[in-house]
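Just below is one structure, and these are the notes that go with it.
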Amino acid sequence: MLDEQAILNCVEQTMIADAKVIKEAELQLFEYQKRPGFTTFLLKVLSDEEIPTHIRLSSAIYFKNKIQRSWNATNREDGIKPDEQQVIKENLIQALVKNSENNHIRPHLTESVRGILGNNDEWDLTGVINDLLNSGKQEYVYSGLLLLFEVCIAHRWSMADHRQEIDRVIAIVFPTIEVIASQLADREDYRSNELMYLIIKCFKYACLNNFPQYFLNTEKLNAWIQLHLYLCARPLPKEVFSLDPSDRCLDKRVKVNKWGFGNLNRFIHKFSRVTKSVSQEFVSNVFNNIIPAILQEYFIVIQAWRDKTLWLGESALHYMIQFLEKCLVTEEAYPLIQPHLETIIERVIFPCLCANEESVQLLEEDPEEYTRRYFDMNKESSTADVASCDFVFVVGHKRASQLDKILPFVNSVFISYTENPDDLETAFKQEGAMRMISTLFTLLDSPSDLETIFSRYIVPILSQNRYMFLVARALETISVYPNEFKDLETLSRLFQLTYDHFMTSDLIPIQVEAADALKSLVVSNPGIHSHISAQVPGIMEKLLRLSKEFQIDTLSEVMEVFVERFADELMVFAGDLAANLVDQFLQLGCSLLDNSGNSYSTGDQDSEIQASSLLQTMTTMVMSMSKVSLIDKFLPVVKFVIVNAQISFLTEIVDLMDSLALSSQALFNQFTPEIWEMVHDVFDSFQTYAMSYFEGYLIFFETLVTHGFPQDQTFLQPFLEILSLKLDSDIDYDVESVLDILVFYALSMRDIPLFDKALKAASNDELELDDGDIIKLFLANVFVKPVETLQVSEKEGATLILLTKWFSCKFSSVFSIKLQIMAILSLFKLPELPGALKGFTSQFADKLVSLTEKLPEAIRKRDAMSKGEEGIEEVFGNDVDPAEDGYFEEYEEDLKETMLDQINVFQEVHSFLSQAQQQDNKKYNTIINSLSDEKKHSLQVILDFVSQN
């Protein structure tokens, strides 16, 4: 029997402000929750109005968590058994109806329903929902819609072949829903719109992810389309406008309007092309009837919005513009909007990009929020201006011939400001003009015309101080301009104005955008570097101060650019800059760590993006400021990430560790104690969590075996144990990473550990490893220890297989060609070829010459690729895609530093043959005589060339 009073006491004690009491109560509840009937009792408590509200609420939360945790765990000690599950289902519906007006308890009950449905429970709620919807009582209808919403949520991802259940629910319930929706459509009260909101969202989840059978009934589909259009065009009641703008978007009446547009937009994106589920007949109906009907109504809506007789929220405009954009890029729909395109651009798109009284007020009252709202590119939002920028870009990208409808219009707006700079409405429009033209920068082919825009319009805007919102936007316009300025006078004025705003303004958006503009000017105009180098320390000093006041990843990106290009000028700031970056990162990291137990939020995402940018800037500092040691500065960051298992930063922290290790090697010709402390922390992490992320450490481990272990083998054994465990893995990319590391290990340590295990792993067909990986390890091992390598391969019965695979592999990189040459030379240097290889002399000799012939071309391609696009064009020409060339796939191999870099293989071949000719003429003749006349001639040309150079 349950001690119900004891459970109630424990629930109440979990809300007492005493951590010790709470802990004891939670431990007791943990034991009680294992007993049958516990969950049912909580449901009884939360519905009992005689029990204090705070206890009921706490019981509701515990009930929800228990359902989500234990519903599908019937075999577990704390699992909810089938008999009790049935009782809970029956009582849960009653509890939801009873508490439908309780805003505190109701959400936990609906989430509990979701928890049951989400655990693959075949709970048929169709009958219950229909009974509630047909009751005629609003509170019952509300509960019915809440349950339907949860059913639709549970089936929202049901694929086309598994929609039978949700299609059955739609067929039974939607006829009733349609009647209710028609009754609610004209009502302005909040509750009616709350019900309508649920109906619209049920429609979205049930019908707009995968094609519903319900849409085959054209009459039903048209009715739903007309309902949505009516909701889009329905004016909002006056009381909505009394709400604060930030609260207005939360009102259900505004949300109904928003999702009217949202659902229609989703409909055209999902069902305007033929698929396995969507027939050509249906698609034809969409283009011939539905889209024209929607557009006809949208044009009326646009006119009403322009006349200010209809208010549309940001999200509603966003979805409407996205719909228009889809029509813009779809060939069948484009003729429907093409005649109206100019009107759409001037009357919808442009106004959404202009400043207004609300945006200027936000700048004045909350400049930080203004910056995040209008200038933070990492902050995704469903706003009208974002959709409008996308629309303008698509016009330029997909319908370039229509740019003559945008560019003259933008120019006329700019001219209006020069003629009437004191008019506020004209100033508002300048923002729209700048946003439109900057969106098109990458698509326009006339830099000289664009530079004229900067000299005639942007410079004057930057020179005035009346409209600071325009200054911020003008600076942003500079920041997105991708071209080098040809007019040095324009460039000089832009830089000076930008620099002055950055150094003197106290407005956050102007400082941030000026910093970003400086970055772009520096990146795109390398010719100014020498002229501005004296100002760079002051710029960095200001950046450091600003980054402490306002956190946005733009500033980290700016600092990274200046560090990379002005390392010498900023050397004096290295310590302060490093300390600042570390402080900022640790603050963000600790905040993320504190929030890790809670649900992942947009704020957490923003913090992660910013923290990643800080780590990248640290790496850039280490690599650029090569004359100063930053190891001790950045070690706390590495330790924080590794010790606290901050996996989301793994890529960035491995890059930082690698750069610190290479810096230590370059500055001190060894790994410092701090680097080895870092290695120790990494290996410790492999005892807990890091083994699952082994591949992410690849570049650091390559550096470790190349530079670290040759000097200090303290941590060598635990490292090899990690590699050994990973060779036993059934994860292909982990095994491939181990093989790659073992190649580096063989070359630097001149040893062949784990080769037997590597051969076994490579023979596992289920892993489907690339033959090239094991062949390169075989060649590296043959190079450093030929006899021992062949003994292992013979023992494993793999020698012939390896040779066959080697001769069939087409390696193209400089690294792989040199590796093969050195392996062959290593074999030829043996007193005699081992028995297993005696019949391969001619193949080895022929391959040695072929590889030596091939190497110069590989070197040429490597050097050309390092130059970027110019070099690629130089080597591959305009008509050949370098990606189709074998070398392109292996190019990354040549970017890595290995012991082979120091070896001149041409000289090695020459030395070996010269020595063999003098000291072992028999071996020399055997090799030479096995070659064809053509190969003999090629070899002689190579040897003569080496002798002369």
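Here, each number is a calculation from the coordinates, and none is a lab measurement. Everything quoted here is computed from the prediction, not taken from an experiment. Cβ sites come from the backbone with ideal geometry, for glycine too, and all protein chains shown count toward neighbours.
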**Study point:** segment 622-728, relative contact order [Cα under 8 Å, separation at least 6], %
**Key:** 30 percent
Exercise for review: Could you size up the charge dipole of the chain around its Cα centre, putting +1 on the beta carbon of Lys and Arg and -1 on that of Asp and Glu, and report it in debye to the nearest 20?
Suggested key: 1520 debye
Exercise for review: Measure off 7 Å from each Cα along the Cα-to-Cβ vector at Lys760 and Asn483, then give the distance between these two points in nanometres to one decimal.
Suggested key: 6.4 nm
Revision key, fill the gap. Counting only residues 5 or more apart in sequence or on a different chain, those whose built amide H sits under 5 Å from that of Tyr481 are none
Point to revise | Leading residue at positive end of dipole, the chain (Cβ point charges), from Gln551, Ala611, Ser135 | key: Ser135
Revision key, fill the gap. Two pseudo-spin positions, 7 Å from Cα along C-beta at Met571 and at Phe945, lie apart in nanometres by 4.1 nm
Check your understanding: Measuring from label point to label point, each 7 Å out along Cα→Cβ, what is the Ser626 to Tyr230 span in nm?
Key -> 7.3 nm
Revision key, fill the gap. Convex hull around the C-alpha positions of segment 526-647: the volume in Å³ per residue is 101 Å³
Check your understanding: All other residues with a Cβ under 14 Å from the Cβ of Thr74 taken together, and with Lys, Arg as +1 and Asp, Glu as -1, what is their net charge?
Key -> 0
Review point. What value, in deg cm²/dmol to 500, does the helix sum -39500 (n - 2.57) over DSSP H runs of n ≥ 4 give at 222 nm once divided by the residues of the chain?
Key: -21500 deg cm²/dmol
Practice item. Report the FRET efficiency, 1/(1 + (r/R0)^6), for Ile699 and Lys810, where r is their Cβ-Cβ distance and R0 is 25 Å, rounded to 0.05. Key: 0.45
Check your understanding: Can you give the Rg to Rh ratio for segment 885-941, taking only C-alpha atoms and Rh from Kirkwood?
Key -> 1.13
Study note, to complete from the structure: Taking every other residue with Cβ under 14 Å from the Cβ of Met159 and scoring Lys and Arg +1, Asp and Glu -1, one gets +1
Practice item. Step through the residues of segment 747-752 one at a time and calculate ³J(HN,Hα) from phi using the Karplus curve (6.51 cos²θ - 1.76 cosθ + 1.60, θ = phi - 60°), rounding each to whole Hz and writing x for Gly and Pro. Key: 5, 8, 9, 6, 9, 10
Practice item. Starting from the Kirkwood radius over alpha-carbon pairs of segment 333-524, derive D by Stokes-Einstein at 25 °C in a medium of 0.890 mPa s and give it in µm² s⁻¹. Key: 145 µm²/s
**Study point:** Under the Karplus curve 6.51 cos²θ - 1.76 cosθ + 1.60, θ = phi - 60°, whole-Hz ³J(HN,Hα) for segment 422-432, x wherever Gly or Pro sits
**Key:** 8, 8, 5, 4, 5, 5, 4, 5, 4, 4, x
Exercise for review: Could you state the orientation-averaged shadow area of the convex hull built on the Cα atoms of segment 1-94, in nm² to one decimal?
Suggested key: 6.0 nm²
Point to revise | Sites Met691 and Met15, calculated FRET efficiency, Cβ-Cβ separation with R0 51 Å, nearest 0.05 | key: 0.80
Review point. So, in Å, what gap is there between the alpha-carbon centers of segment 204-226 and segment 412-459?
Key: 45 Å
Point to revise | Lys/Arg +1, Asp/Glu -1 at C-beta; the chain dipole; positive extreme among Val572, Ile539, Ile290 | key: Ile290
Review point. If amide H atoms are built 1.01 Å from N in the plane of the peptide, which residues on other chains or at least 5 residues away come under 5 Å of the amide H of Leu236?
Key: Trp311
Point to revise | Local net charge near Leu630, Cβ-Cβ under 13 Å (Lys/Arg +1, Asp/Glu -1) | key: -1
Point to revise | Extension gain, Leu27 back to Asp445 (0.36 nm per residue minus Cα-Cα distance, nm) | key: 143.5 nm
Review point. Which order results if Glu219, Glu365 are arranged by neighbouring Cβ count within 10 Å, fewest first?
Key: Glu219, Glu365
Revision key, fill the gap. Taking R0 as 35 Å and r as the Cβ-Cβ distance between Gln917 and Leu667, the FRET efficiency 1/(1 + (r/R0)^6), rounded to the nearest 0.05, comes to 0.20
**Study point:** Other-chain or far-sequence residues with amide H under 5 Å of Val274's (modelled H)
**Key:** none
Point to revise | Selection from Thr53, Ile88, Tyr32 lying farthest towards where the dipole of segment 1-118 points positive, charges on Cβ | key: Ile88
Check your understanding: So how much slack lies between Lys220 and Gln496, counting 0.36 nm per residue of separation and subtracting their Cα-Cα distance, in nm?
Key -> 93.0 nm
Exercise for review: Run the numbers on the chain and let me know its relative contact order in percent, using alpha-carbon pairs under 8 Å that are six or more apart.
Suggested key: 4 percent
Check your understanding: In degrees, nearest 10, range 0 to 90: what is the angle between the Cα axis of helix 799-808 and the longest Cα principal axis of the chain?
Key -> 80 degrees
